[in-house]
Amino acid sequence: MAETATAVQLESQSSVPSDAWAQALKLTCQLTVDMPLPEFKVADILRLKPNSVVNSHWRLGSDVPARVNGKLIAHGEFEVVGNHLALRLTELI
């Protein structure tokens, strides 16, 4: 049991960046997820309010692109976790 805990601890420590990255890790960035909405109209945008639900007709399991500061970094799929909508990354680019 102690060996398992140590292995997990060592594995997580190996992904910790060096001190040279310490300041860069605090920089903010913008993550966007692109989901095409065919036939979405300006009138639909004007009707949006907090807690609005947009019917996307998006197939379950279809990958959507994820971008950081406009650069494509991954693809993922939406899933529901508790009361939240989450993005599970399926491919890092």
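GLU79 meets each of the listed conditions (1) modelled with pLDDT of 90 or more; (2) touching a strand residue (DSSP E or B) at 6+ places or on another chain (Cβ under 6 Å) apart from (1). Listed by first and then second residue, the pairs linking a residue in the range 80-92 that is in contact (Cβ under 8 Å) with a residue 24 or more places away in the chain and within 15 Å of SER62 (Cα to Cα) to a residue that is part of a strand (DSSP E or B) and of a type in the set (Val, Ile, Thr), with Cβ atoms under 7 Å apart and 6 or more places separating them unless they lie on different chains, are LEU87/VAL33.
Of the residues making up the range 22-35, those that are modelled with pLDDT under 85, outside any loop (DSSP other than H, G, I, E, B) and surrounded by 10 or more Cβ atoms within 10 Å (Cβ to Cβ) number 0.
The values are calculated or read from the model by the stated rules, or taken from the named source; none is laboratory data. Values in this document were obtained by computation on a predicted structure and should not be read as measured data. Every residue, glycine among them, receives a Cβ derived from its backbone with ideal geometry; neighbour counts consider all protein chains shown.
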